[in-house]
Amino acid sequence: MSTELRKWARPWRINEVMYEARKRKLWTLQKCADEVGLSVKHYTRIENGERTTCLATYKRIADVLGVPLSEVLGEVFIDDL
């Protein structure tokens, strides 16, 4: 994760959006992890805010969950990355 992303991202907001979007789809952690292409352990850690990941993975997660990347990342200035 870039320094700029770490500076602006709010992990508690990221995991909140991921959790709520996944629940709206009625998906389990396993289903979401499979759709994103991550192990369930790794996906769970990202969703729980225990781990951060690269922008490309956040983009895949946002696409799979059907939410804008800007909503997942919150205050990140995407155009500046």
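The values are calculated or read from the model by the stated rules, or taken from the named source; none is laboratory data. Computed from a predicted structure; not experimentally measured. Note: ideal-geometry Cβ built from the backbone for every residue, glycine included; neighbour counts use all protein chains shown. Note: areas computed on protein heavy atoms with side chains; ligands, DNA, RNA excluded. Shrake-Rupley method; radii C 1.70, N 1.55, O 1.52, S 1.80 Å.
Scan the range 42-59 for residues that are under 13 Å from LEU73 (Cβ atoms), open to solvent by 40 Å² or more (accessible area, probe 1.4 Å) and in a helix (DSSP H, G or I) and the total you get is 3. Kindly provide the set of residues from the range 41-66 that are of a type in the set (Lys, Arg), closer than 17 Å to LEU29 by Cβ and at pLDDT below 95, ordered by number. Matches in the range 41-66: ARG45, ARG51. Given the criteria modelled with pLDDT of 95 or more, open to solvent by 30 Å² or more (accessible area, probe 1.4 Å) and in a helix (DSSP H, G or I), does LYS7 qualify? Taking the combined requirement at face value, the residue does not satisfy it. Against the definition (modelled with pLDDT under 90 and either assigned to a helix (DSSP H, G or I) or of a type in the set (Lys, Arg) (or both)), how does GLU75 come out, yes or no? Taking the combined requirement at face value, the residue does not satisfy it. With respect to LEU81, is the statement that it is modelled with pLDDT under 95, on the phi < 0 side of the Ramachandran plot and touching a Leu at 6+ places or on another chain (Cβ under 7 Å) true? Yes: the conditions hold for LEU81. Scanning the range 20-41 for residues that are surrounded by 15 or more Cβ atoms within 10 Å (Cβ to Cβ), without any contact (Cβ under 8 Å) to a residue 24 or more places away in the chain and within 13 Å of the chain's Cα centre (by Cα) yields a total of 3. Being farther than 14 Å from ILE14 by Cα and in contact with a Leu (Cβ under 9 Å, 6 or more places away or on another chain) is the filter here, so list the residues in the range 24-62 that pass it. Listed by number, the residues that qualify are ARG24, LYS25, TRP27, CYS32, GLU35, VAL36, VAL40.
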